[in-house]
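Readers should treat all values here as calculations from the given coordinates under stated rules, not as data from a laboratory. No experiment lies behind these values; they were computed from the predicted model shown. Cβ coordinates were reconstructed from backbone atoms using ideal geometry, including for glycine residues, and neighbour counts include every protein chain displayed.
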Amino acid sequence: MEKIVQNLDDAKGLAKNRAHLQDVKESFECGREEDEIMPNIWLPENVLPGFKKACLDFFWNVFELQKAILRALAIALDIPEDYLVQYHTKPDNQLRLLRYPRYTDT
């Protein structure tokens, strides 16, 4: 579980929020499989069959969508279609799945 709070400039307000208004969530993150600095950590296939494949398929589909959007922006800006794509060749994006369990303040 991960606990975060909204950014506050006031140290007292931040401490009060951390103690009282908790933001608790479960998260899972993955990126490209070739990343040596932050490798993906997967559940064993028998624990959640198809999860890894579904995540990676979605990751790569969204990367292709990103490039399509960049091409559309380039056309709209009247610049060469692959002009923006050339600066986004490495898929350094993350897929982050979040689950917010029910929280009641008692």
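Of the chymotrypsin sites (Phe, Trp or Tyr not before Pro) found in region 35-106, the ones in coil according to DSSP and having at most 16 other Cβ atoms within 10 Å of their Cβ are Trp42, Tyr83, Tyr103.
Full extension from Ile69 to Glu81: what is 0.36 nm times the residue separation minus their Cα-Cα distance, to one decimal in nm? Can you show the working numbers first?
Numbers: separation 12, 0.36 × 12 = 4.32 nm, distance 1.05 nm.
Going from the current span to full extension adds 3.3 nm.
Spin-label model, Lys25/Val62: points 7 Å from Cα along the beta carbon direction are separated by 1.2 nm. Couplings for region 90-101, taken from phi via the Karplus curve 6.51 cos²θ - 1.76 cosθ + 1.60 with θ = phi - 60°, read 8, x, 8, 9, 10, 9, 10, 9, 10, 10, 9, x Hz in order; Gly and Pro are left as x. The orientation-averaged projection of the convex hull spanning the C-alpha atoms of region 33-95 amounts to 4.8 square nanometres.
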